[in-house]
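> Let me give you the structure first, and then I'll get to my questions.
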Amino acid sequence: MSATTTANIMDLLKERTAEHHRRAEQQPLQQALVKGTATRDEYIRWLGQMLHVHTALERCIESAAAHEPRLGIVTPEQHGHPRLAADLRAIGIDPASIAPSAPTAAASVEIHTAAKALPVSLLGFHYVLEGSKNGNRYIAMALRRGLGLVPGTGDTYLDPYGEQQRAKWQEFRTAMGAQAYSDRETQAVIAAAGRMFEGVSAICADIA
C-alpha cells in the first residue's frame, strides 16, 4: 500500500476539486451572498440548510473518531453547527423550525454512506466546509452591510476566527496533510470533497 505524502493530499484536493469549486461559486445564491444582496429570507434558509449539513457531518465525525484517529484533527472549535444555531436564534429564528430540503437530505445521505464505507473520507467533506471559511469572512462583511448585521450577531458561522482565519486554516491544512493516506483513501477523500461542493451547489440552487 503506497501512502500519499504530507503535501500531496492537500495539493491533490485543491487541484482535483477546482472545477467543483468554480461551479459552486457561480451559483446565483453564492453570488448574492458575496455581493451582500441576498435577502434576509435567503440568508435564513441558507443558514438552516447548512445547519443540517454540519450537524450530519460533525456527528458522523465524532462517532467515527473513536476507531479512526485521523478524524481527531477535526476539533470542536471547527464545528459549524453550534454557530449556525446561534446565528439563527440571534436573528429571531428557531433552528428547529427549518426542515432539511431535498438537496440537504441527499447531502446528509452521502455523508452517512461515506462514514460507513470509509470513515477517513469524512475529511474530504470537512475540508470543503473548513476551507469555505476563507471566503466566508468576506461574505460576512458584505452581509453586514446588506442586511445590517451587527458583527458577532447572526454572522458567527461566516466569520468564526476573525483575524486568525488564515492561521487557523494553515493549522488545519498542516494537520490534515501530516497524516498518511493510502491511494484508495486519498481518492475517497477527494471524491467526498467533490460531492460536498456539488451538494452545497444543489442546496444553493434550491434556495435561489
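> Could you tell me whether Tyr157 is closer than 17 Å to Tyr43 by Cα and within 19 Å of the chain's Cα centre (by Cα)?
The answer is yes for Tyr157.
> Now, a different point. Which one is farthest from Arg70 (Cα to Cα) among residues in region 148-190 that are aliphatic (A, V, I, L, M) and open to solvent by less than 30 Å² (accessible area, probe 1.4 Å)?
Leu149
> For the list (1) touching a residue at least 60 places away in the same chain (Cβ under 8 Å); (2) within 25 Å of Gly194 (Cβ to Cβ), I need the number of the one condition that Glu62 fails.
Every condition holds for Glu62 apart from (1).
> Contact list please: Cβ distance under 8 Å, first residue in region 158-183 and in contact (Cβ under 8 Å) with a residue 60 or more places away in the chain and acidic (Asp, Glu), second residue assigned to a loop (DSSP other than H, G, I, E, B) and loosely packed, with under 11 Cβ neighbours inside 10 Å, pairs at least six apart or on different chains.
What qualifies is Asp183/Met1; Asp183/Ser2.
> OK, next. Test Ala140 against the stated conditions and say whether it is touching a residue at least 60 places away in the same chain (Cβ under 8 Å), of a type in the set (A, V, I, L, M), farther than 19 Å from Thr55 by Cβ and out of contact with any helix residue (DSSP H, G or I) (no Cβ under 7 Å at 6 or more places or on another chain).
Against the criterion (touching a residue at least 60 places away in the same chain (Cβ under 8 Å), of a type in the set (A, V, I, L, M), farther than 19 Å from Thr55 by Cβ and out of contact with any helix residue (DSSP H, G or I) (no Cβ under 7 Å at 6 or more places or on another chain)), Ala140 does not qualify.
> Would you check which residues across region 2-39 are open to solvent by 80 Å² or more (accessible area, probe 1.4 Å), assigned to a loop (DSSP other than H, G, I, E, B) and modelled with pLDDT of 90 or more and list them?
Gln26, Thr37
The values are calculated or read from the model by the stated rules, or taken from the named source; none is laboratory data. Predicted model only: the values in this text are computed from it and were never measured. Because the Cβ atoms are built from the backbone with ideal geometry, glycine has one as well, and the counts that use them run over all protein chains shown. Calculation scope for accessible area: heavy atoms of the full protein, side chains included, ligands and nucleic acids excluded. Shrake-Rupley method; radii C 1.70, N 1.55, O 1.52, S 1.80 Å.
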